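Report on one structure; see the data block that follows.
Please treat every number below as a calculation from the coordinates, not as lab data. This one's a predicted model, so the numbers in the text were calculated from it and none came from an experiment. All Cβ positions, even for glycine, are placed from backbone atoms using ideal geometry, and neighbour counts span all protein chains on display.
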Amino acid sequence: MFKSTLRAATLASLLAATAVTTAQAEDTTLTVGMSGGYFPFTFVRQDVLQGFEVDVMNAVGEEAGLDIAFETMSFSGLIGALSAGRIDTVANQITITPEREATFAFTQPYVFDGAQVVTREGNDTIASVEDLRGKIVAVNLGSNFEQLLNELPFADEVEIKTYESNIEQDTALGRVDAFVMDRVSSAQLIQESPLPLQLAGQPFSEIRNALPFRDDADGRALRDKVDAALTTLRDNGTLTEISVKWFGTDITSNAAE
């Protein structure tokens with residue numbers, strides 16, 4: 001009886017130790033959601049997930065002592081996956097908005113950008129955001145650009161269409177008059193795409209992108225750990241290096257400050 005009791009106690013201790021080790025391992029993993037279809041931020045080439053966001057998160061993981069696990073899904077499903085606890089954060093140029101700040105705990109911004117109008121090359125009827133009156137304008141489904149357009153003083157004069165894909169193709173073909181995206185992505189898209197597109201005027205709204213976490217004790221603890229890593233990566237020049245690698249310029253600092 002004593003030996004059986006001892007074996008049972010030993011087995012229970014081993015199982016408890018295994019559970020603790022497993023929990024500790026899980027605690028060191030940060031599951032990051034991204035679309036994998038937003039060049040050059042996150043995209044797949046030759047079956048390899050890569051891009052600015054991938055490099056930033058891998059650098060964060062190394063600095064914070066976290067193992068980074070990437071989960072790709074449609075952009076429109078990322079915030080829902082975060083809310084449901086299927087991922088820990090989203091690295092896909094998530095813009096800080098009052099509505100999102102009321103729901104999620106954000107890190108410091110790590111990209112500073114602006115909303116940009118893009119038109120078909122040669123279109124001289126749209127030279128700024130004011131020229132979108134009476135036009136059909138496309139935005140990516142799930143992005144904050146629809147909200148930005150709806151906040152314009154002449155929003156009731158703009159017809160907005162949301163897209164999961166082909167936003168630039170339909171603009172180039174004239175199915176819509178313009179699309180709105182962040183300026184950095186727009187410039188990169190025009191450079192890489194064979195489609196005849198052009199930037200129309202200057203950015204019309206400042207955008208600050210950051211990493212959202214669930215606004216609970218665990219989420220805020222993860223946010224603080226990642227935020228500390230971002231501060232170090234900013235101070236030691238790593239964020240700038242990653243930005244220059246992908247964009248040829250530093251999009252990680254606010255030139256206005």
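General observations
- The chain - charge dipole about Cα centre, Lys and Arg +1 at Cβ, Asp and Glu -1, debye rounded to 20: 880 debye
- Qualifying aspartates and glutamates (Cα of each under 18 Å from Cα of LYS245; at least 8 residues distant if same chain): GLU53, ASP55, ASP113, GLU192, ASP235
- Shown is the FRET efficiency for ASP67 and ASN150, computed with R0 = 35 Å from the Cβ-Cβ distance and rounded to the nearest 0.05: 0.30.
- Computed over segment 103-220, Cα set: Rg, Dmax in Å: 15.4, 52
- Sum of -39500 (n - 2.57) over DSSP H runs of 4+, divided by residues of the chain (222 nm, nearest 500): -12000 deg cm²/dmol
- The mean sequence separation of alpha-carbon pairs under 8 Å and at least six residues apart, normalised by the residue count of segment 74-162, gives a relative contact order of 25 percent.
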